[in-house]
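J.: Below you will find the structure I want to go over with you.
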Amino acid sequence: MAKDLSQSNAIQLTLKEWAVVGTTLAFMYAVCPVLWSHLETWQPTPSYRIPYASSHDYWQVERYWDWAGRCEGCLVVGDSVVWGEYVSPPDTLSAQMQQLTGKPFLNMGLNGSHPACMAGLIQWYGKNVRGKDVLLHFNPLWMSSSRHDLTESKEFRFNHPKLVPQFFPRIPCYKESLENKIGIVAQRFFWPSRWLAHLASVYFDELDLGSWIREHPTENPLSQIGFQLPVPEEEPRHPQRPWTESGVAVTSFDWVVPSESIQWRLFQRSVDILEDRGNRVFVLVGPFNVHMLAQDSTEGYERILEEATSWLERREISYLVASPLPKDCYGDASHPLPEGYRQLAREVLSAMEAQRMGGMG
Amino acid sequence: MKGLCWTLAGYFVMSATVLAEAYSPFEEQVTPSKITMVFLPGGTFGMGSSEGAVDERSHAVTVGPFLIDKHEVTQESYQEFMGENPSKVRHPSNPVEQVRWSDAVRYCNARSKAEGLDPCYDLETWTCRFEADGYRLPTEAEWEYAARAGTETHYFFGNSEGKLKFFAWYKAMAKGRPHPVGTRKANPWGLHDMYGNVWEWCNDFYGVDYYVHSPEKDPKGPTEGEKKVLRGGCWSSSPDSCRSSYRYYEAPGYTDACFGYDIYGFRCVKPVRK
């Protein structure tokens, strides 16, 4: 039996009213992120890098990539080697290249990232980087064991799981529930979800609003929103001492075979996506700290370099396998110290100049 | 005179047993550094699991008595002894994380020295002197004995993971971060966070087949290896990784800053001798 709605408190919308609601929601969906972006103070400097504290704030990361896509200059993309783990912002690779040439090189490094997540970052949040010169760093470190290649079957908590492929290719060590995987995929398409994560990251100690209120029952959550974004840390994250003084020994790495490597496969995907968007890609391989390699693991490392360079040549992609830096220019297996970045910057600029890239030549 | 002799004889008999009986089983002790430890009397237990992974072969093991930290080492404590805090999620009561095995043993030595004890670790060779009276990391067997708390099931509360949320910060409810120590229920022997929060470094090298030929009494792990054992799961672990017998491993000193994950912490033990 049909209910008599005229006696009820329910509101029944007409088709026209539904259209108004839909239009309003669509307008808010399109306009709110723009409005919010204007409210939050943010002025990247030439040596800007994504603050360590914002590494998982993909709303802000996307905003930075959008900004970089509109800027003049070459984008330097990669993991913490590009970000500059052992150096302050003016000593990073991109900053050194900028100082040597006077031309803009933007630090697009993301702390904690690796090729598998970089592919996701470029695919989902770097959509507006088109027609640019991109220096893409490849760090062989991520193929130095099956664990860091993500091919090990034991559960492993790697960094930036929200950026890696959730379903294909299957990542054996990634044991997230189906429900959470679907939520992660949805976040890539639905900005309000990323925006809420951004608010949690910047203003609520990484907690969702409900949890924050439970932990701070007497405080007003609105008073936390100061519209001030974190600024890049000026100090290096680690003491600037060579690896030889840190008690790290020569190490035997269990290199994975490139044809079976997830990290290598997803690095290739990054190159493909960037090229499909009309970017000119220059790949920098290394410089891995070969001084740390034990005798029995040099063969596996060289096999990776051979595979990488032959693939890049087949694809006619410009590249440089960086020369090994002096022993005391490394902070660990893959991160240079300031003098290492100075030497690397000169070598990369020279190679890019030969290819007339990055405003060189 | 006769009375004096009896008194002296009694004194010697007493002194022979007093050290072993200085603590009641599962009694809490506060160290001079104001850190609470729990006395575990030692005994024989079933280590590993017949239903677990290939490296978890079930076998009987006997461990001696020892004191173990009631909580994972906190950032406040690490800061106090080491003068730095490497953790990613900063809070004085949170477990210290992003610590290498080599950092953990440095802490053990610093804590020993602060209390006038003989440090266990040689920081040149990274070997442990088990005869020293200072703090050290638990052997894998000591850790599992402490975690099991006399039980033989997958978890100390049974075989089903249903109650894990009461005892551990793990993936389903940790909201992607570690939490202050001791904020979940303790195990039957009064130890908190044996499951979840941060993985705990053990003293042993990892050997996938070590259980096949390990000694029955006080096993101390393979004599050499590339990786050190971690136990207990962490805030991002699935319930399976939090099982009492689940074994994990990592290189003792990070070869690279990229490998400094925010899931590795530790707790200390101190030997008790008869």
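J.: Find the residue count for the stretch B:239-254, including only residues that are assigned to a helix (DSSP H, G or I) and either more than 9 Å from chain A (Cβ to nearest Cβ) or open to solvent by less than 10 Å² (accessible area, probe 1.4 Å) (or both).
T.: The qualifying residues number 3.
J.: Now a separate question. Of all the residues that make up the stretch B:255-268, how many are open to solvent by 10 Å² or more (accessible area, probe 1.4 Å), facing chain A (nearest Cβ under 7 Å) and part of a loop (DSSP other than H, G, I, E, B)?
T.: 1
J.: If you go through the stretch B:230-237 one residue at a time, do you hit one that is away from chain A (no Cβ under 12 Å) and either open to solvent by less than 10 Å² (accessible area, probe 1.4 Å) or touching a helix residue (DSSP H, G or I) at 6+ places or on another chain (Cβ under 9 Å) (or both)?
T.: Going through the stretch B:230-237, the residues away from chain A (no Cβ under 12 Å) turn out to be B:231-232.
Then drop every residue that is not either open to solvent by less than 10 Å² (accessible area, probe 1.4 Å) or touching a helix residue (DSSP H, G or I) at 6+ places or on another chain (Cβ under 9 Å) (or both), which leaves B:231-232.
Yes, that holds for at least one residue.
J.: Among what's in the stretch A:106-157 and is within 11 Å of another protein chain (Cβ to nearest Cβ) and within 14 Å of the chain's Cα centre (by Cα), pick the residue that is nearest to A:Y86 (Cα to Cα).
T.: So the residue we want is A:N111.
J.: Any residue in the stretch A:238-256 that is more than 14 Å from every other protein chain (Cβ to nearest Cβ) and either touching a strand residue (DSSP E or B) at 6+ places or on another chain (Cβ under 9 Å) or open to solvent by 50 Å² or more (accessible area, probe 1.4 Å) (or both)?
T.: No.
J.: So, A:K175, is that one in contact (Cβ under 8 Å) with a residue 12 or more places away in the chain, among the basic types (K, R), open to solvent by 40 Å² or more (accessible area, probe 1.4 Å) and under 19 Å from B:A172 (Cα atoms) or not?
T.: Criteria met by A:K175.
J.: Please indicate, with yes or no, whether at least one residue in the stretch B:62-70 is over 24 Å from B:Y206 (Cβ atoms), open to solvent by 60 Å² or more (accessible area, probe 1.4 Å), part of a loop (DSSP other than H, G, I, E, B) and out of contact with any Phe, Trp or Tyr (no Cβ under 6 Å at 6 or more places or on another chain).
T.: Checked the stretch B:62-70: no residue is over 24 Å from B:Y206 (Cβ atoms), open to solvent by 60 Å² or more (accessible area, probe 1.4 Å), part of a loop (DSSP other than H, G, I, E, B) and out of contact with any Phe, Trp or Tyr (no Cβ under 6 Å at 6 or more places or on another chain).
J.: May I pose another question? I need a count of the residues in the stretch B:192-220 that are part of a loop (DSSP other than H, G, I, E, B) and touching a helix residue (DSSP H, G or I) at 6+ places or on another chain (Cβ under 6 Å).
T.: 4
J.: Determine which member of the set B:D262, B:D240, B:D256, B:D218 is more than 13 Å from the chain's Cα centre (by Cα) and on the phi > 0 side of the Ramachandran plot. Step through it out loud before you land on a result.
T.: Details: B:D262 fails: on the phi > 0 side of the Ramachandran plot; B:D240 fails: on the phi > 0 side of the Ramachandran plot; B:D256 fails: on the phi > 0 side of the Ramachandran plot.
Step by step, each of B:D262, B:D240, B:D256, B:D218 is checked, and only B:D218 is more than 13 Å from the chain's Cα centre (by Cα) and on the phi > 0 side of the Ramachandran plot.
J.: Taking the residues in the stretch A:89-121 that are hydroxyl-bearing (S, T, Y) and in a helix (DSSP H, G or I) as candidates, determine which candidate is nearest to A:F158 (Cα to Cα).
T.: Taking the candidates together, the pick is A:S94.
J.: Quickly run through the stretch A:71-81 and pick out the residues that are away from every other protein chain (no Cβ under 12 Å) and open to solvent by less than 10 Å² (accessible area, probe 1.4 Å).
T.: Let us first name the residues in the stretch A:71-81 that are away from every other protein chain (no Cβ under 12 Å), namely A:71-77.
Scanning the stretch A:71-81 gives A:C74, A:L75, A:V76, A:V77.
J.: Yes or no: A:V164 β-branched (V, I, T) and touching a residue at least 40 places away in the same chain (Cβ under 8 Å)?
T.: yes
J.: May I ask you to list the residues in the stretch A:262-278 that are in contact with an Asp or Glu (Cβ under 8 Å, 6 or more places away or on another chain) and either surrounded by fewer than 22 Cβ atoms within 10 Å (Cβ to Cβ) or within 13 Å of another protein chain (Cβ to nearest Cβ) (or both)?
T.: If the condition is that a residue be in contact with an Asp or Glu (Cβ under 8 Å, 6 or more places away or on another chain) and either surrounded by fewer than 22 Cβ atoms within 10 Å (Cβ to Cβ) or within 13 Å of another protein chain (Cβ to nearest Cβ) (or both), then A:Q263 is the only one that fits.
J.: On to the next question. Could you say which residue among B:Y206, B:Y210, B:Y195 is of a type outside the set (D, E, K, R), buried (at least 23 other Cβ atoms within 10 Å of the Cβ) and farther than 20 Å from B:E76 by Cα? Spell out the reasoning first.
T.: Values: B:Y206 fails: buried (at least 23 other Cβ atoms within 10 Å of the Cβ); B:Y210 fails: buried (at least 23 other Cβ atoms within 10 Å of the Cβ).
Of B:Y206, B:Y210, B:Y195, the one residue that is of a type outside the set (D, E, K, R), buried (at least 23 other Cβ atoms within 10 Å of the Cβ) and farther than 20 Å from B:E76 by Cα is B:Y195.
J.: Another question, if that's okay. If you check every pair at least six apart or on different chains, which have Cβ atoms under 7 Å apart with a residue in the stretch A:185-204 that is under 17 Å from A:L25 (Cα atoms) first and a residue that is among the polar types (S, T, N, Q) and open to solvent by less than 40 Å² (accessible area, probe 1.4 Å) second?
T.: From residues that are under 17 Å from A:L25 (Cα atoms), the pairs are A:S193/A:Q187.
J.: Please work out if A:I182 is more than 10 Å from chain B (Cβ to nearest Cβ) and touching a residue at least 60 places away in the same chain (Cβ under 8 Å).
T.: In short, no.
J.: Name the helices (runs of 4 or more DSSP H) wholly within the stretch A:1-83 that hold at least 1 residues that are at pLDDT below 90 and β-branched (V, I, T)?
T.: Here the list reads A:15-39.
J.: Can you name every residue in the stretch B:160-210 that is of a type in the set (A, V, I, L, M, F, W, C), away from chain A (no Cβ under 14 Å) and within 15 Å of B:I263 (Cα to Cα)?
T.: Those that are of a type in the set (A, V, I, L, M, F, W, C), away from chain A (no Cβ under 14 Å) and within 15 Å of B:I263 (Cα to Cα): B:A168, B:V181, B:M194, B:W201, B:C202.
J.: Can you go through A:K154, A:K132 and tell me which one is open to solvent by 10 Å² or more (accessible area, probe 1.4 Å), closer than 25 Å to A:V285 by Cβ and touching a strand residue (DSSP E or B) at 6+ places or on another chain (Cβ under 8 Å)? Talk me through it step by step, then tell me what you get.
T.: Details: A:K154 fails: closer than 25 Å to A:V285 by Cβ.
On inspection, the qualifying residue turns out to be A:K132.
J.: OK, next. Please pick out the residue among A:P217, A:P242, A:P230 that is closer than 17 Å to A:E40 by Cβ and either of a type outside the set (K, R) or in contact with a Lys or Arg (Cβ under 8 Å, 6 or more places away or on another chain) (or both).
T.: Matching residue, one of A:P217, A:P242, A:P230: A:P230.
J.: Here's something else I'd like to know. Tally up the residues in the stretch A:279-299 that are within 13 Å of chain B (Cβ to nearest Cβ), at pLDDT 95 or above and open to solvent by 50 Å² or more (accessible area, probe 1.4 Å), please.
T.: Number satisfying all stated conditions: 1.
J.: Let me spell it out: the conditions are (1) surrounded by 18 or more Cβ atoms within 10 Å (Cβ to Cβ); (2) within 14 Å of another protein chain (Cβ to nearest Cβ); (3) at pLDDT below 90, and A:S211 meets all of them except one. Which number is the exception?
T.: (1)
J.: Which is in a loop (DSSP other than H, G, I, E, B) and modelled with pLDDT of 95 or more, of B:K185, B:K274?
T.: Only one candidate qualifies: B:K185.
J.: Every residue in the stretch A:47-70 that is open to solvent by less than 40 Å² (accessible area, probe 1.4 Å) and either at positive phi or among the aliphatic types (A, V, I, L, M) (or both), please.
T.: Listed by number, the residues that qualify are A:I50, A:V61, A:A68.
J.: From the list A:E219, A:E302, A:E235, pick out the single residue that is away from chain B (no Cβ under 12 Å) and either in a helix (DSSP H, G or I) or open to solvent by less than 50 Å² (accessible area, probe 1.4 Å) (or both).
T.: So the residue among A:E219, A:E302, A:E235 that is away from chain B (no Cβ under 12 Å) and either in a helix (DSSP H, G or I) or open to solvent by less than 50 Å² (accessible area, probe 1.4 Å) (or both) is A:E302.
The values are calculated or read from the model by the stated rules, or taken from the named source; none is laboratory data. Only a predicted model underlies this, so the values are computations on that prediction, with no experimental measurement involved. Virtual Cβ from ideal backbone geometry, glycine too; neighbours counted across all protein chains shown. Note: accessible area is taken over every heavy atom of the protein model, side chains too, but ligands, DNA and RNA are not part of it. Shrake-Rupley method; radii C 1.70, N 1.55, O 1.52, S 1.80 Å.
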